[in-house]
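Q: Below is a structure I'd like to ask you about.
We did not get these values from a lab; they are worked out from the coordinates using the rules stated. Fair warning: this is a prediction, and the values are worked out from it, not measured in the lab. Backbone-built Cβ (ideal geometry, glycine too); neighbour counts: all protein chains shown.
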Amino acid sequence: MSFTIPVLYEDDYLLVLSKPAGFLTLPDRYDRNAPNLKHYLEKKFDEIFVVHRLDKDTSGVIIFAKDSDTHRLLNQQFEQNLIRKIYHVVLSGVITDDEIKIDIPISQDYRKPGRSKPSASGKDSLTILRVLERFRNTTLVECNLVTGRHHQIRVHCSAIGHPLLVDEFYGRNDSFFLSSIKRKYKYKKDEVERPLISRVTMHSYSVDFIHPITNERLSIIAEYPKDFEALLKMLRKYNKISV
């Protein structure tokens, strides 16, 4: 890997990165050469401990520990839901309520390996959704991930009828194109339109927690990557609500 992943915070105990979309957190069991943060960081540090994971196609804030004690203490904060994790997500459809508490248990979907589903017999799961910006047929929301179940935001948003704008597992689209919102979109001769974004429309925007060693409160933000920023720019230009 010849490029540098942005460091948002670093000290003797912690490392917080802005993960690019397309990177795994851990090595893939089948493709050991697939880009992943664990291998990337092991080239720089003697030891590195994964505190939590992000899906391959989710960008944004991710925390690593540099020693086992820090790792243990941070895991305790996660288990006690003491770390506030905020995601910014573009959803399909217009959400009329300004805030929604989605309290739907989630379990593994054994019929579809690697996926999860709403289930009365699943684990308690809570996402607090707050609208940031509405467009003509999409909504930008902030999701406070109170619990941290597998694919929780994706499952919860799909369960209330507003899947991510791009989500091939739980939604309707695997890509989003400008032509779908720009009227009279003109194709050039022999042009194949490239998507505005072709990964889940979700970004891990911020984390807020107490430093396990210094007891300092840390609030760390990852700015939007180019594809997420470009999507919002085009939605604001071509998909804004008429007043």
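Q: How far is the Cα center of segment 182-243 from the Cα center of segment 153-180, in Å?
A: 14
Q: May I ask you to sort Cys157, Cys143 by Cβ crowding, counting other Cβ atoms within 10 Å and putting the fewest first? Please list the in-between numbers first.
A: Details: Cys157 28, Cys143 24.
Fewest-to-most Cβ neighbours within 10 Å comes out as Cys143, Cys157.
Q: Roughly how big is segment 198-237's charge dipole about its Cα centre, with Cβ charges of +1 (Lys, Arg) and -1 (Asp, Glu), in debye to the nearest 20?
A: Details: 6 positive and 5 negative charges, 63 e Å.
Dipole about the Cα centre, nearest 20: 300 debye.
Q: Quick check on the exposure proxy: order Phe135, Phe78 from fewest to most C-beta atoms within 10 angstrom.
A: Phe78, Phe135
Q: Please give the contour-minus-distance gain from Gln76 to Arg111: 0.36 nm per residue of separation, less the Cα-Cα distance, rounded to one decimal in nm. Each step should come with its number before you reach the end.
A: Values: separation 35, 0.36 × 35 = 12.60 nm, distance 3.19 nm.
In short, 9.4 nm is gained.
Q: For segment 1-65, max minus min Cα coordinate along each principal axis, in Å, sorted largest first?
A: Principal-axis extents of segment 1-65 (Cα, largest first): 33, 24, 23 Å.
Q: Identify, among Ser219, Tyr185, Ile241, the residue whose Cα sits farthest towards the positive end of the charge dipole of segment 180-243, taking +1 on the Cβ of Lys and Arg and -1 on the Cβ of Asp and Glu, with the dipole about the Cα centre.
A: Tyr185
Q: Can I ask one more? In segment 131-167, which trypsin sites (Lys or Arg not before Pro) fall in coil by DSSP and have 16 or fewer other Cβ atoms within 10 Å? Could you put the intermediate results ahead of the total?
A: Details: sites: Arg134, Arg136, Arg149, Arg154; in loops: Arg136, Arg149.
Filter output for segment 131-167: Arg136.
Q: What do you get when you divide the Cα radius of gyration of the chain by 2.2 N^0.38 Å, with N the number of residues? Before the final figure, lay out the partial values.
A: Numbers: Rg = 18.8 Å, N = 243, 2.2 N^0.38 = 17.7 Å.
So the chain has a normalised radius of gyration of 1.06.
Q: Would you mind telling me which residue in Asp190, Asp28, Asp174 has the biggest mean-square fluctuation in a Gaussian network model of the chain, where springs connect alpha carbons within a distance under 10 angstrom?
A: Highest fluctuation among the options: Asp190.
Q: If you scale each eigenvalue of the Cα gyration tensor by 5 and take the root, what three semi-axes come out for segment 92-211, rounded to whole angstrom and sorted largest first? Working shown, then result.
A: Working: eigenvalues 173, 63, 37 Å².
Rounded to whole Å, the semi-axes are 29, 18, 14.
Q: Show that you can apply the helix-only estimate: for the chain, add -39,500 (n - 2.57) for every DSSP H stretch of four or more residues, divide by all residues, and state [θ] at 222 nm to the nearest 500. Let's see the in-between values first.
A: On the way: 4 runs with 39 residues, N = 243.
When only DSSP H runs of four or more count, the value is -4500 deg cm²/dmol.
Q: Relative contact order for segment 7-238: what percent, with Cα pairs under 8 Å and sequence separation of 6 or more?
A: 19
Q: What dipole magnitude, in Debye to the nearest 20, does the chain give about its Cα centre under +1 on Lys/Arg Cβ and -1 on Asp/Glu Cβ?
A: Details: 38 positive and 32 negative charges, 270 e Å.
Dipole about the Cα centre, nearest 20: 1300 debye.
Q: Exceeding 27 Å between C-alpha atoms, which entries from my cross-link table qualify? They are Lys43/Lys117; Lys66/Lys101; Lys182/Lys226. Show your work: numbers first, answer last.
A: Numbers: Lys43/Lys117 37 Å; Lys66/Lys101 35 Å; Lys182/Lys226 20 Å.
Beyond 27 Å: Lys43/Lys117; Lys66/Lys101.
Q: Which distance in nm do the two modelled labels at Asn33 and Ile221 give, with both placed 7 Å along the Cα-to-Cβ direction?
A: 4.0
Q: So if we plug the beta-carbon distance of Val94 and Arg53 into 1/(1 + (r/R0)^6) with R0 = 25 Å, what FRET efficiency do we get, rounded to 0.05? Intermediate values should be presented prior to the final figure.
A: Working: r = 31 Å, r/R0 = 1.24.
Computed FRET efficiency for Val94 and Arg53: 0.20.
Q: For Thr127, Thr139, what ranking results if the residue with the fewest other Cβ atoms within 10 Å of its Cβ goes first? The partial results should precede the final answer.
A: Values: Thr127 26, Thr139 22.
Ascending number of Cβ neighbours within 10 Å: Thr139, Thr127.
Q: Note down the relative contact order for segment 65-153 as a percent, whole number, built from C-alpha pairs under 8 angstrom at least six residues apart.
A: Values: 159 pairs, mean separation 28.1, N = 89.
That works out to 32 percent.
Q: Which of Gly122, Gly148, Gly171 moves most in a GNM of the chain, Cα contacts under 10 Å?
A: Among Gly122, Gly148, Gly171, the largest mean-square fluctuation in the Gaussian network model of the chain belongs to Gly122.
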